[in-house]
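The values are calculated or read from the model by the stated rules, or taken from the named source; none is laboratory data. In this text the structure is predicted, and so the values were computed from the model without any measurement. Here Cβ is always computed from backbone atoms with ideal geometry, including for glycine, and neighbour counts include all displayed protein chains.
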Amino acid sequence: MKTHTTPILALAAAAGALLMSGCSTPAHYVDSKGPATLVSLNQINIQDFYQAADDLVAGILASGVLERAPAQPAVLLVSRIINNTQTNFDMSLLSEKVSGALLNTGKIVVLNDTDAKAESQRQMNEFLGKGAARPKPYYSLSGKIIEDKASAGRTKQTSYVFQLSLTLVDDGIQAWKGEKTITKQGTRSAIGW
């Protein structure tokens, strides 16, 4: 008696592939701030940066600290934001969102030392005695992101604490300090709805 295992195996493989393709989600675009977002327990997501930046900027604006600068708009220097998490990421995901949102209010201007061409031209103009003097920053923006993990049984919890402060450049006095904590809890990473 002859058995035909090859067609049966091919049919089983095709059925398996069809079944797996029905269970997967094809790649697609989502709104970075929208409700259908990936929630990862072991790292900071782009949505976490948006939420932290939005809340911290709202805190700065509500405090009225920017209006207390002697010259308006206040000059802001973005200083160091330290990553004290286990995940390596570009800190400009937070600093650019915060400084950009503040800049767009018209209440500050940002002193940019990261544009090499502009800085080179500014130094050349200063050497030649041309152009306006470089504005002196009144505030410095600095901060830190801290990670805290805990678990109980299969449930894991990760908290990310976003800390920012505005410091007066002349005397080092903190003019404003804010903190936003984002906590995620679950047994596994998931798509949130």
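The table below gives the values:
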{"quantity": "Residue in segment 99-110 that is farther than 22 Å from Leu56 by Cα, part of a strand (DSSP E or B) and β-branched (Val, Ile, Thr) present", "calculated": "no"}
{"quantity": "Odd one out for Asn42, checked against (1) assigned to a loop (DSSP other than H, G, I, E, B); (2) in contact with a Lys or Arg (Cβ under 9 Å, 6 or more places away or on another chain); (3) crowded, with 18+ Cβ neighbours inside 10 Å; (4) of a type outside the set (Gly, Ala, Ser)", "calculated": "(3)"}
{"quantity": "Subset of segment 72-87 [of a type outside the set (A, V, I, L, M) and exposed (fewer than 15 other Cβ atoms within 10 Å of the Cβ)]", "calculated": "Gln72, Arg80, Asn84, Gln86, Thr87"}
{"quantity": "From the options Thr3, Thr25, Thr37, residue that is of a type in the set (Ser, Thr, Tyr) and at pLDDT below 60", "calculated": "Thr3"}
{"quantity": "Selection status of Lys107, within 17 Å of the chain's Cα centre (by Cα), at pLDDT 90 or above and either crowded, with 17+ Cβ neighbours inside 10 Å or not small (Gly, Ala, Ser) (or both)", "calculated": "no"}
{"quantity": "Only listed residue being within 15 Å of Arg80 (Cα to Cα), charged (D, E, K, R), at pLDDT 90 or above and touching an Asp or Glu at 6+ places or on another chain (Cβ under 9 Å), chosen from Lys144, Lys97", "calculated": "Lys97"}
{"quantity": "Residue that is modelled with the lowest pLDDT, among those in segment 162-193 that are more than 27 Å from Glu67 (Cα to Cα) and of a type in the set (A, V, I, L, M)", "calculated": "Ile191"}
{"quantity": "Members of segment 119-173 found to be in contact with a strand residue (DSSP E or B) (Cβ under 6 Å, 6 or more places away or on another chain) and among the aromatic types (Phe, Trp, Tyr), listed by number", "calculated": "Tyr138, Tyr139, Tyr160, Phe162"}
{"quantity": "Flag if Ala14 is surrounded by 11 or more Cβ atoms within 10 Å (Cβ to Cβ) and either modelled with pLDDT under 95 or out of contact with any helix residue (DSSP H, G or I) (no Cβ under 6 Å at 6 or more places or on another chain) (or both)", "calculated": "no"}
{"quantity": "Residues being part of a loop (DSSP other than H, G, I, E, B) and either within 20 Å of the chain's Cα centre (by Cα) or of a type in the set (Lys, Arg) (or both) - total across segment 72-98", "calculated": "7"}
{"quantity": "Check on Ser140, surrounded by 13 or more Cβ atoms within 10 Å (Cβ to Cβ), within 18 Å of the chain's Cα centre (by Cα) and among the hydroxyl-bearing types (Ser, Thr, Tyr)", "calculated": "no"}
{"quantity": "Pair list, Cβ < 9 Å and 6+ apart or interchain, from segment 59-71 residues that are at positive phi and surrounded by fewer than 16 Cβ atoms within 10 Å (Cβ to Cβ) to residues that are among the basic types (Lys, Arg) and not in a loop (DSSP other than H, G, I, E, B)", "calculated": "none"}
